[in-house]
1. Here are some conditions: (1) among the aliphatic types (A, V, I, L, M); (2) at pLDDT 95 or above; (3) surrounded by 22 or more Cβ atoms within 10 Å (Cβ to Cβ); (4) outside any helix (DSSP H, G or I). Residue 197 meets all but one. Which one does it not meet?
2. Within the stretch 242-272, restricting attention to residues that are within 18 Å of residue 170 (Cα to Cα) and among the charged types (D, E, K, R), which residue is surrounded by the fewest Cβ atoms within 10 Å (Cβ to Cβ)?
3. From the list 95, 99, 125, which one is closer than 16 Å to residue 208 by Cα and of a type outside the set (Ser, Thr, Tyr)?
4. Give the residue, chosen from 11, 81, 52, that is without any contact (Cβ under 8 Å) to a residue 60 or more places away in the chain and buried (at least 16 other Cβ atoms within 10 Å of the Cβ).
5. When you go through 43, 75 one by one, which is the residue that is touching a Phe, Trp or Tyr at 6+ places or on another chain (Cβ under 7 Å) and under 30 Å from residue 245 (Cβ atoms)?
6. Considering only the stretch 148-160, I want to know if a residue exists there that is in contact (Cβ under 8 Å) with a residue 24 or more places away in the chain, closer than 19 Å to residue 227 by Cβ, outside any loop (DSSP other than H, G, I, E, B) and touching a Ser or Thr at 6+ places or on another chain (Cβ under 9 Å).
7. Mind listing whichever residues of the stretch 161-181 are within 26 Å of residue 233 (Cα to Cα) and either modelled with pLDDT under 95 or part of a helix (DSSP H, G or I) (or both)?
8. Kindly indicate which of 221, 258 is modelled with pLDDT under 95, out of contact with any strand residue (DSSP E or B) (no Cβ under 9 Å at 6 or more places or on another chain) and closer than 17 Å to residue 54 by Cβ.
Amino acid sequence: MEYTGVVDALVSLAIAGVVARWGLFLALALVDWVAQRRAGIDPSDVEPLTAVVPAWNEAAVIERTVRSLLSSDLPGLSILVVDDGSTDETASIVAGIAAVEPRVQLVQHGTNAGKPAALNTGIEAARTALVLTVDADTLLEPSCARWLVATQRHTGADAVCANVRVGNRSGLLTRFQSLEYIAGLNLDRRALNRLGLITTVPGAAALWVRSVVQEFGGFSGDTLAEDTDLSVTLLRAGRRLVFQDRADAFTESPTRLGGLLRQRRRWLAGNLRCISKHGLGAGASWPVRLVALPNLWFAHIGVYLLPVVVSLWVGIGRDGTEIPVLLTLGSIGVGLDWAGLLWFYAVDRADRRDLLYAPLQRMLYPSFIWLVFVTVLLRRPRSWAKIVRRNTASVG
């Protein structure tokens, strides 16, 4: 058909664009790593901080999380755990710690009101200018809070992202997720940090300026991704969000396929609702409208649709002329991928045994992510799909 050549050109251009984006993000991430080392941030330039930990039925992990925060080397760190109507021993465990540790305070909701409400309760109760939000299953390096505070004081940022990684790399599935965090989520965050366009300050561990969060209405329950929602809201308003890669935090990732599926369905559904809510970012700066939000669209929609388009394109190929294009672009993409893997595992001082799982992860994981996308399209989750906590995360 006469439009076949146009289709070939458009699909080839789309694939080339994805490879080019990957190369650009990798380069920006490398530049950001160098820039952070030259920034001259003084880790002793700190001020008091309140860690807010929302918790709902977190008896399995809450004690280790609180004690991880108590081991912080940041002077003046206080801890406020908001028990969101738990029906297990979460509140009594925290109350026991608070009885002997004056830096720990327990606030209780009579009924379960949801994570955004628990976060807002903690932020309202805090008495420091800066707050650190920490998931109940996340452990922090002793220096994490100090680096976050020092970065905020140096940059004047409204929020600072920690370097969140997987803390329970004990099997195939968690190794897959570790690869995704280090050479995927955090690599993108480094690149967006260099552009000043971070769209997700991670809920697992991040510092916020309390007055700014309150000015914008706190964490919203409009979506299932309250961290992305607030981040994009601040970004559209011209606020500054930054990333500090020396602020290490380690979260417990799902160890079973069903738990991972529930978690990722919630993540994707929440981000799709954020996309719908913020649209094209009317009123925001042009970089936000032309780069940040389109990148969010690509990461949560385009990346799933492109494989379908490419598969159809190859399936209707007439004489195999598309194969050399795919091989060339694919080879470039694989080379960039491995460059990113090797470099960022080195700079993060991460467990390089993960890399042994990388070839298998690259083959199998995309199919799983596509399954997540399809199931969310068929039926979006309407509430938090809590995973089973196994208390297996560790620092480092």
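1. Answer for residue 197: the failing condition is (3).
2. Selected residue: 256.
3. Of 95, 99, 125, the one residue that is closer than 16 Å to residue 208 by Cα and of a type outside the set (Ser, Thr, Tyr) is 125.
4. Of the residues listed, the single one that is without any contact (Cβ under 8 Å) to a residue 60 or more places away in the chain and buried (at least 16 other Cβ atoms within 10 Å of the Cβ) is 81.
5. It is 43.
6. yes
7. If the condition is that a residue be within 26 Å of residue 233 (Cα to Cα) and either modelled with pLDDT under 95 or part of a helix (DSSP H, G or I) (or both), then 180, 181 are the ones that fit.
8. 221
The values are calculated or read from the model by the stated rules, or taken from the named source; none is laboratory data. Keep in mind that this is a model prediction, so the values were computed, not measured. Virtual Cβ from ideal backbone geometry, glycine too; neighbours counted across all protein chains shown.
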